[in-house]
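Remarks on the structure that follows.
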């Protein structure tokens, strides 16, 4: 196991953690990051909230504090903002997603309207100048990075301009100094940068997690379909065995009693084809005992670890892949329910270990009266410290290309996330650490009741 264990997955059709995985990384780069998500309804609702706050501010200044201010001009500015919002709401469907340029234009109007009102009531001397944080923050939550920068710079410039170009704050107290107003403007700029950055980071993390979970759901659904298909094939093979045996017997009787060479030849052909069908069905139903759903849905611990290592047993002449099963004394070896999540996850871990192990990979299963655990251990360089701290998150990888990989796999950092998520859905506690003196270890542990076949 290596520092990139989070980034590997078993090569599958349509891909999982590969470049073909519906181009998941491209989806992240283009659709989910560079495309805006600001709906008309969202903008309209937030504007009404801001306008209501502006009206409340003016009412507080006029009636509660008794400040003298140009309230008529302030009312006109608020009315213009309300009119723009009404026109926006009426002219467009509320569910429509705005284009990036349109969204920038709309939010720029908001910054201008807020700045005009603040210029009439003291500029940065007015504590409510922090409302200029709202448009860049909304952009950070819904728009690509470039519009966020544009609106952030615009709001910051307005904050500094309001420090020097504004009517005096309508308070009976002495006018605040220019130095104070400049510092207040800088504080507002810092607030814009901090809040917008925080919101942006949170939104990006949520989007990354949502995309990765979507890929996980698709992988799980595919594994379940494959498992169901295998059970169906086994059941079909079992059920078709009897009629094919009957056909074979009847065909042999026909060949023995044939009155003409042509009839005998046809009967022998029928016999040979029936035998061929029986052989195909025998291959489909290759299970330890009989081909039935009950048998297909359970397997021993040894069979499970053998299934995990089988695809990689001969993947490299340099690396030996072995499996071992151990248990507590006087405890019966359990049979396990066939869960595609477990098989897929540990096959992923083994594949990654093959890429970076020095000479050996050991897959070990252990059991006692209460728990069952499976562990993948290799003798490679182990997880890099910066990767180990982030394992379990999506898109964590130290190997964006195939460099250093025996298999040439190009990882995206989804493999470990998906595998860990699948295992946790089965009730497993997943752990990972570096072994001493070297190597990496990934393990999962379950209560027996969650995975044991009864």
- In percent, how large is the relative contact order of the range 297-451, given Cα pairs closer than 8 Å and 6 or more residues apart? 24
- Item | With eigenvalues of the C-alpha gyration tensor scaled by 5 and rooted, the range 26-217, Å | 34, 19, 12
- Query: Hey, fewest Cβ within 10 Å first, where do 317, 390 land in order?
  - Reply: 317, 390
- In what sequence do 378, 335 fall when counting other Cβ within 10 Å, fewest first? 335, 378
- Query: Label points 7 Å out from Cα along the Cβ direction at residue 84 and residue 64: separation in nm?
  - Reply: 2.6
- Query: How big, in percent, is the set of alpha carbon pairs in the range 415-454 lying more than 17 Å apart?
  - Reply: 40
- Query: In what order do 351, 279, 424 fall by count of nearby beta-carbon atoms within 10 Å, going from fewest to most?
  - Reply: 279, 424, 351
- Have a look at the DSSP beta bridges in the range 297-451 and tell me what percent are antiparallel, nearest 5. 75
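Only the coordinates and a few stated rules stand behind these numbers; no lab work does. For clarity, every value in this text was computed on a predicted model and none was experimentally measured. Virtual Cβ from ideal backbone geometry, glycine too; neighbours counted across all protein chains shown.
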